[in-house]
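Asker: My questions will all concern the structure given below.
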Amino acid sequence: MSDDDTINPADRGKLIAAEYVLGVLGADERREVERRLAHEPALASEVAFWEERLGVLADAVAPVTPPQHTWSQIEAAIPAAAVARPPSPRRRSRPRASRRSPISASSRPRARR
């Protein structure tokens with residue numbers, strides 16, 4: 001997500017960590033950050049910083065239950081074929097280690113209530 005050439009390279013890790021905590025990275029970028037967290041203590045530290053800093057914002061938002069018609073509209077917008085068809089298996093060129101390290105498992109953004 002952060003492909004801005006004007007960002008100081010030293011600050012790029014901070015930006016990626018904040019984007020990860022906010023949940024705005026694409027799936028591939030998110031997996032890459034999760035992979036890096038197990039091996040880069042500085043990135044893990046940045047993620048922890050942003051979780052603490054931004055977590056209070058999520059805690060400050062009161063839970064809201066969406067109206068039932070909202071879910072009906074979402075379900076109607078999903079093509080029936082996409083719901084009924086199981087996902088195709090993904091090919092892997094090499095076996096992977098654990099999908100989540102203890103750090104990355106705890107570093108997911110908090111769900112809004």
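Where a number appears in this text, it was derived from the coordinates with a stated rule and is not lab data. Please read all numbers here as calculations on a predicted model, not as lab measurements. Every residue, glycine as well, gets a Cβ built from its backbone with ideal geometry; the counts of neighbours run over all protein chains shown.
Asker: Rounded if a/c is under 1.5, else prolate if a/b is larger than b/c, else oblate: which is the stretch 12-61, with a ≥ b ≥ c the root eigenvalues of its Cα gyration tensor? Can you show the working numbers first?
Answerer: Values: a/c = 2.36, a/b = 1.47, b/c = 1.61.
It is oblate, given that a/c is not under 1.5 and a/b is not larger than b/c.
Asker: When the chain is fully extended, how far beyond the present Cα-Cα distance does ILE78 get from VAL24, taking 0.36 nm per residue of separation? Don't jump to the answer; show the numbers that get you there.
Answerer: On the way: separation 54, 0.36 × 54 = 19.44 nm, distance 2.20 nm.
Result for the pair: 17.2 nm of gain on full extension.
Asker: Now a separate question. Sorting check: for 12-23, 61-72, which peptide has the highest mean count of neighbouring beta carbons within 10 Å, and how do the rest follow? Intermediate values should be presented prior to the final figure.
Answerer: Working: 12-23: 18.2, 61-72: 8.4.
Going by the mean number of other Cβ atoms within 10 Å, highest first, we get 12-23, 61-72.
Asker: Next up: Full-extension gain between HIS69 and LEU54, please, as 0.36 nm times their residue separation minus the C-alpha to C-alpha distance. Walk me through the intermediate numbers first.
Answerer: Numbers: separation 15, 0.36 × 15 = 5.40 nm, distance 3.07 nm.
Contour length minus Cα-Cα distance gives 2.3 nm.
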